[in-house]
Amino acid sequence: MDYPPPPPTSPRPDPPPAPPSYPLPTSNVQPPAQPVPYQPYQPAYPQTPPPPPPALYAYRLPKSKTTAVLLAIFLGGISWMYTYEKDAWKFWTWFAITAVNLFLSLATFGIWLFVAIPIGIGAWIWCIVDVAVKPQPFYDFYPAA
């Protein structure tokens, strides 16, 4: 195999570089920089003012009394969730009555049902009557009514 010939060598090595003409630093500590004067932010173009904050109640479509009555007939106390902002205490009262009746019916193996069923029917009728007697403006201007 033929190898390439070695590169020619110069008879003298390159001379070392000349020392710098400026003095070398004796420390790496720099003097403190000058403080930058405060200048308030100036936008590049005039800005429009921010939009006004939303109203306490954003616009909502009015509620329907027919829907509220149908919910009361078919779902009982859950229909108070339809107008929860005004009827929260009625919903939680109905929920507590139902939970206690369910617990006592299970704990007494159904004997409590003789009391729970009339109470449940009374709560259901209470819900239907409460929703039906509210005037139409209550639903038209809900939740402000």
Discussion item. Give all pairs with beta carbons closer than 8 Å in which a residue from the stretch 104-125 that is free of Cβ contacts under 8 Å to residues at least 40 places away in the same chain meets a residue that is in a loop (DSSP other than H, G, I, E, B) and surrounded by 14 or more Cβ atoms within 10 Å (Cβ to Cβ); count only pairs at least 6 apart in sequence or on separate chains.
Written reply: LEU104/TRP112; SER105/TRP112
Worksheet entry | Residue match in the stretch 134-144 (condition: more than 12 Å from ALA68 (Cβ to Cβ), in contact (Cβ under 8 Å) with a residue 40 or more places away in the chain, surrounded by 14 or more Cβ atoms within 10 Å (Cβ to Cβ) and not basic (Lys, Arg)) | no
Worksheet, complete the sentence: Here, helices (runs of 4 or more DSSP H) confined to the stretch 27-145 with at least 2 residues that are in contact with a Lys or Arg (Cβ under 9 Å, 6 or more places away or on another chain) are 65-75, 113-133, 136-140
Worksheet item: Just for the stretch 60-90: of the residues that are exposed (fewer than 12 other Cβ atoms within 10 Å of the Cβ) and in contact (Cβ under 8 Å) with a residue 12 or more places away in the chain, which one is nearest to PRO137 (Cα to Cα)?
Response: ARG60
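Coordinate-derived values only; no laboratory data. Because the structure is a prediction, the values reported are computed rather than measured. No Cβ is skipped: glycine too gets one built from the backbone with ideal geometry, and neighbour counts run over all protein chains shown.
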